[in-house]
1. Which residues in the range 16-31 place their backbone N less than 14 Å from a point set 7 Å from the Cα of Glu124 along the Cα-to-Cβ direction?
2. Only helical DSSP H runs with n ≥ 4 go in: add -39500 (n - 2.57) per run for the chain, normalise by residue count and round the 222 nm mean residue ellipticity to 500 deg cm²/dmol.
3. Scan the range 4-65 for GluC sites (Glu not before Pro) in coil per DSSP, keeping those whose Cβ has at most 16 other Cβ atoms within 10 Å, and list them by number.
4. What list of ³J(HN,Hα) values in whole Hz, one per residue of the range 60-76 in order, does the Karplus curve 6.51 cos²θ - 1.76 cosθ + 1.60 (θ = phi - 60°) give from phi, with Gly and Pro shown as x?
5. If I build a Gaussian network model for the chain, linking alpha-carbon pairs within less than 10 angstrom, which residue out of Asn22, Asn67, Asn102 has the largest mean-square fluctuation?
6. Highest mean first, how do 27-36, 104-113 rank when packing is the count of other Cβ atoms within 10 Å averaged over residues?
7. Rounded to the nearest 5, what is the percent of antiparallel bridges among the DSSP beta bridges in the range 2-132?
8. Between Phe24 and residues 5 or more places away or on another chain, which pairs have amide H atoms under 5 Å apart, with H built 1.01 Å from N, and which residues are they?
Amino acid sequence: MIVKLEQLNKIAKDLMKELEGNTFVLLNGDLGAGKTTFTKQLIKELGVTENVTSPSFNILNQYKTSNYVINHMDAYRLKKTDEIDMFLETFEGAINIIEWPNNLGIDFSKYGKVIEINILVIDEYNRDFKIKK
Ligand SMILES: Nc1ncnc2c1ncn2[C@@H]1O[C@H](COP(=O)(O)OP(=O)(O)O)[C@@H](O)[C@H]1O
Ligand SMILES: [Mg+2]
């Protein structure tokens with residue numbers, strides 16, 4: 001579906017109903033597609049009030065609410081190394097929102113519910129969101 005910036009909160013609200021512990025939201029799309037922008041909306045919908053920043057440099061940011069542990073990971077710079085076992089432990093029982101998930105080389109479906117989102121740039125303001133649950 002074609003989505004503008006101001007419609008992201010509606011998509012995030014709808015998606016939020018599907019989120020529970022042990023869920024992976026996998027975000028695919030080029031640099032600048034809108035993965036981080038959408039993640040910020042989603043984390044806000046989940047009740048996080050603190051500022052959400054891109055985890056590009058520290059790879060993983062974690063947020064806690066009274067209901068959820070939320071991990072936001074940007075695997076752009078990650079190589080398939082043995083660190084991945086450590087991340088799997090962190091993912092357990094949490095809502096895990098992951099940019100560039102393919103860089104991890106993990107079959108996420110073995111570890112929880114998977115929601116896959118592909119974002120394609122249409123033009124400056126419009127993105128095509130494909131959501132596979
Ligand atoms: N419909 C839209 N959905 C998401 N981002 C959009 C949209 N329209 C414009 N943008 C802009 O595109 C940029 C996306 O950047 P970002 O979320 O950091 O991308 P990524 O994390 O995929 O590299 C932001 O500047 C955002 O404001
Ligand atoms: Mg990003």
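The values are calculated or read from the model by the stated rules, or taken from the named source; none is laboratory data. Computed from a predicted model, the values in this text were never measured in an experiment. Don't worry about glycine lacking a Cβ; one is built from the backbone with ideal geometry, like all the others, and counts go over all protein chains shown. The area values use the complete protein model at the heavy-atom level, side chains included, leaving out ligands, DNA and RNA. Shrake-Rupley method; radii C 1.70, N 1.55, O 1.52, S 1.80 Å.
1. In the range 16-31, the label zone of Glu124 (backbone N under 14 Å from the point 7 Å along Cα→Cβ) covers no residue.
2. -6500 deg cm²/dmol
3. Glu18, Glu20, Glu50
4. My calculation for the range 60-76 gives 9, 10, 10, 10, 10, 10, 5, 9, 9, 9, 10, 9, 10, 10, 10, 8, 3 Hz in order.
5. So, out of Asn22, Asn67, Asn102, the one fluctuating most is Asn67.
6. Output ranking for 27-36, 104-113: 27-36, 104-113.
7. Taking every DSSP beta bridge within the range 2-132, about 45 percent pair in antiparallel fashion.
8. Asn96, Lys113, Val114, Ile115
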